[in-house]
Amino acid sequence: MTSWYVASGGRQEGPYSTSEILTNLQGGVYGPNTHVWRQGFQDWMEVSQCPELSPARVSPPGMPPRGGADEIDFQIVGNEMQYVEIELDPQESAVAEAGSMMYMSDDIQMHTVFGDGSEAPGAGLFDRMLGAGKRLITGEGLFSTIFTYQGRGKGKVAFAAPYPGKIIPLDLKEYGGKLICQKDAFLCAAKGVSIGVEFQKKIGTALFGGEGFIMQKLEGDGRIFVHAGGTVVQKDLQPGETLRIDTGCLVAMTKNIHYDIEFVGGVKSAIFGGEGFFFATITGPGHAWLQSLPFSRLAGRIHRAAPQNNAGFSTQGEGSVLGKFGNLFER
């Protein structure tokens with residue numbers, strides 16, 4: 001009998017039989033990106049790379065079935081201030097946050113829906129209110145805007161990033177149908193992607209995690225677009241590999257990554273180090289996306305540089321050696 005071992009939440013589980021692995025995959029306990037090992041493997045492999053486990057690659061429970069989300073083509077334009085242009089076939093749709101649209105073709109119709117528009121056709125008011133409530137908890141608005149192409153040929157709609165940074169295109173099919181991201185990272189997606197709530201399990205993570213108790217979970221089988229500040233880097237963590245990062249720099253991660261909060265250590269380092277009292281630890285296996293400039297850090301710098309107490313804008317440059325004494329020479 002073949003014995004399988006699974007890397008989950010930074011721990012090794014097993015041994016399992018092939019039938020047990022298949023059952024867990026079909027039940028959504030594991031996904032295509034879960035790392036497994038058996039005798040004969042030189043290293044850990046993802047489920048999607050194991051031919052004997054390929055029949056179990058099905059959609060996890062609670063997510064739309066394969067083909068549920070619209071297939072969309074796209075192009076990301078720009079460098080520091082990017083926007084994404086999505087190409088739609090007739091009757092295809094994209095869903096986005098209100099106010100993010102940049103331009104659209106003449107035959108695209110837009111309408112506002114309660115929630116994220118991922119509910120099944122004929123869903124009742126309660127289901128729609130539940131979807132809207134999840135969005136409200138994660139800091140998003142109660143309403144989303146759906147853009148549907150009603151013409152012939154191809155239609156285009158573009159969505160702009162809210163501040164300098166990068167737009168990350170991700171296909172949920174490649175990550176087991178689910179990604180976890182910070183609550184203001186979502187920009188737009190193919191219609192059918194569900195935007196939900198991911199509660200942190202530990203109270204320490206909830207209180208000191210930087211992003212708060214609530215994070216977003218994006219579920220489905222479609223394309224999503226996540227926005228991050230500054231430069232974006234993808235970290236591919238091996239089973240048991242741990243990375244310590246600033247709490248605000250974590251943009252998104254796959255569902256198998258274990259996320260926790262650690263105290264910096266010495267009181268002197270916490271107070272005078274400028275990095276805060278806590279940092280995040282993420283443990284593989286899985287993928288994580290980090291940003292070099294969280295919006296909270298950018299907003300803090302702007303606030304410190306802005307005039308205080310309605311004093312008006314300062315006329316000296318930041319590099320002035322005179323500082324405030326330069327005002328003595330002003331007329």
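The values are calculated or read from the model by the stated rules, or taken from the named source; none is laboratory data. Note that the structure is predicted; figures quoted are calculated from it, not measured. Cβ coordinates were reconstructed from backbone atoms using ideal geometry, including for glycine residues, and neighbour counts include every protein chain displayed. Surface areas here come from the heavy atoms of the whole protein model, side chains and all, with no ligands, DNA or RNA. Shrake-Rupley method; radii C 1.70, N 1.55, O 1.52, S 1.80 Å.
Quick notes
- The residue pairs whose first member lies in the stretch 23-45 and is more than 17 Å from ILE257 (Cβ to Cβ), whose second member is open to solvent by less than 50 Å² (accessible area, probe 1.4 Å) and among the aromatic types (Phe, Trp, Tyr), and whose beta carbons are closer than 9 Å, counting only pairs six or more residues apart or on different chains, are ASN24/TYR30; TRP37/TRP4; ARG38/TRP4.
- Tabulated pairs, the stretch 290-312, first closer than 30 Å to ASP236 by Cα and aliphatic (A, V, I, L, M), second at pLDDT 80 or above and part of a loop (DSSP other than H, G, I, E, B), C-beta under 7 angstrom, 6+ apart or interchain: LEU293/GLY230; LEU298/TYR163
- Within the stretch 268-312, tally of residues that are in a strand (DSSP E or B) and at pLDDT below 85: 3
- In the stretch 27-45, the qualifying residues are those that are surrounded by 16 or more Cβ atoms within 10 Å (Cβ to Cβ) and of a type outside the set (Phe, Trp, Tyr), and the one that is farthest from LEU172 (Cα to Cα) is ARG38.
- Flag for ARG66 being at pLDDT below 75 and of a type in the set (Lys, Arg): yes
- Among the residues making up the stretch 217-240, those that are acidic (Asp, Glu) and surrounded by 15 or more Cβ atoms within 10 Å (Cβ to Cβ) are GLU219, ASP221.
- Subset of the stretch 84-110 (residues that are in a loop (DSSP other than H, G, I, E, B), at pLDDT below 90 and open to solvent by 80 Å² or more (accessible area, probe 1.4 Å)): GLN91, GLY99
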